[in-house]
Amino acid sequence: MSNPLVLWGVAALLLFWSVGAYNRLVRLRSEAKGAFAALETELTRQAQLVHASLPASMIHTGLTQPGDLLDEVTELWSGLRAAATQLTTCLAAMRPRPLDPDAAAALSEARDVLTSAWIRVAQEANDLAGSSIPEPLAQQWQQLSAQSRSAAERFNEAVARYNEAIRQFPALLLAGLFGFKPARGIRAPG
């Protein structure tokens, strides 16, 4: 008579462990998604800053009028605008699936392209009056960059905790059963 009681005890123990492990995986996945939401906010602010800093002739049409800017400068600003648009598109693609490794890789690349484009405009799009990016705008960019870097680190830490949890035995059995897949963090900028 004690055999069925032991079996019921083991079954209950497995059930309670399974529920606890599943809840932990869901919590960690939710934390990673929340960290992405904060990262998305910071990166969106950077893209908005870029659009706000565009020369007046590029704001509505995307093109300059003849004589507004030199050709090389126009290309630099157009590249910056395209990079901001690419970042916004990658954020929109990653929003519904913030733990998708391919979307994270694309977002990392888009962020790198935006940073490079900003640096090129700051260094190369100068005229006789000096830099085409005013100092307050450059400082705001630096502040937003630091905030997005911090948000990316928090996201990467949350992703690492989530990935570690789904690889641990025996939780990996539940992870496979319920479709918890490894995620990818955002590459840290240099």
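The values are calculated or read from the model by the stated rules, or taken from the named source; none is laboratory data. Note that the structure is a prediction, hence the values are computed from the model and not measured. Every residue, glycine among them, receives a Cβ derived from its backbone with ideal geometry; neighbour counts consider all protein chains shown.
When you look at residue 189, is it surrounded by fewer than 19 Cβ atoms within 10 Å (Cβ to Cβ), modelled with pLDDT under 90 and outside any helix (DSSP H, G or I), yes or no?
Working: surrounded by fewer than 19 Cβ atoms within 10 Å (Cβ to Cβ): yes; modelled with pLDDT under 90: yes; outside any helix (DSSP H, G or I): yes.
For residue 189, the condition - surrounded by fewer than 19 Cβ atoms within 10 Å (Cβ to Cβ), modelled with pLDDT under 90 and outside any helix (DSSP H, G or I) - is met.
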**Asked** Among the residues of segment 131-167, which ones are basic (Lys, Arg) and free of Cβ contacts under 8 Å to residues at least 24 places away in the same chain?
**Response** 167
**Prompt:** Taking into account only those residues within segment 131-190 that are among the hydrophobic types (A, V, I, L, M, F, W, C) and under 17 Å from residue 102 (Cα atoms), which is farthest from the chain's Cα centre (by Cα)?
**Reply:** 180
**Prompt:** Does residue 76 satisfy the condition of being in a loop (DSSP other than H, G, I, E, B), surrounded by 13 or more Cβ atoms within 10 Å (Cβ to Cβ) and at pLDDT below 95?
**Reply:** no
**Message:** Go through (1) assigned to a helix (DSSP H, G or I); (2) surrounded by 12 or more Cβ atoms within 10 Å (Cβ to Cβ); (3) at pLDDT below 95; (4) not β-branched (Val, Ile, Thr) for residue 69 and report which single condition fails.
**Reply:** (1)
**Prompt:** Can you name every residue in segment 87-104 that is in contact (Cβ under 8 Å) with a residue 24 or more places away in the chain, out of contact with any Asp or Glu (no Cβ under 6 Å at 6 or more places or on another chain), assigned to a helix (DSSP H, G or I) and within 20 Å of residue 147 (Cα to Cα)?
**Reply:** 87, 88, 94, 104
**Asked** Of the residues that make up segment 96-104, is at least one among the acidic types (Asp, Glu) and more than 14 Å from the chain's Cα centre (by Cα)?
**Response** no
**Message:** Need pairs with beta-carbon distance below 6 Å; first residue surrounded by 10 or more Cβ atoms within 10 Å (Cβ to Cβ) and within segment 7-23, second part of a helix (DSSP H, G or I) and of a type outside the set (Lys, Arg); sequence gap 6+ or separate chains.
**Reply:** 21/171; 21/174; 22/174
